[in-house]
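Contents: one structure, followed by commentary.
Read-outs: derived from the displayed coordinates by stated rules, not from any lab. Only a predicted model underlies this, so the values are computations on that prediction, with no experimental measurement involved. Here the Cβ is made from the backbone with ideal geometry for all residues, glycine too, and neighbour counts use every protein chain on show.
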């Protein structure tokens, strides 16, 4: 039961990270200690299907809860207290930097790892800045073709497994974020289904490539994760709104750091006790 409830909590946080602009779902998965497991399942979903379903079911419950709450509550918080909420997510990411760095150092350092780190940092930062620049020019409407919606979902599915990349940032850059949120609110089943299928198929196909990279080029991959992480934080910080309470931001930053450390602790404890 403890493991089940922890996974519901993980699913909830993953859901929020997918819907919240600028936040990386894969980074949240790393923070909570379930990224490798999700990558294994995505790369071969029908192997050990029963165990995979047992693992994913509570995550799905948490994600569904987060979707409902995001539509009803969190979208309001992002509109009203945007700066403070983003500082919370910055705290979540920064709190996990030492853990990712420790994992990266397990491989013998090579000079070209620096190039990978810098490239990952640049990509993550540029996507963050681009998402800010296109925030007011959403191109999607009721006349948007389903093919374009599917393409957006496929790109989002790929980005969901790349640490540091934000699903919502990709959707904003593609100009469909507001449209998809509106579709979810109005229960537009066709649009939701098209995006969902494209997202899942892309995630399954790209997971094999990402898993191969992590297994064959572990050192480079983990240093690139570090670059994506730092770039993601920089992208969020660079695009923070100028208005809003600095004190509230500092408080939320501290809360984010505390929550991140809590996830590191809980993740280790649950994995030790969880034998399934």
Label-point separation, residue 5 to residue 204 (7 Å along Cα→Cβ), nm:
3.4
Put a dot 7 Å past each Cα toward the Cβ at residue 247 and residue 76; how far apart are the dots in nm?
2.4
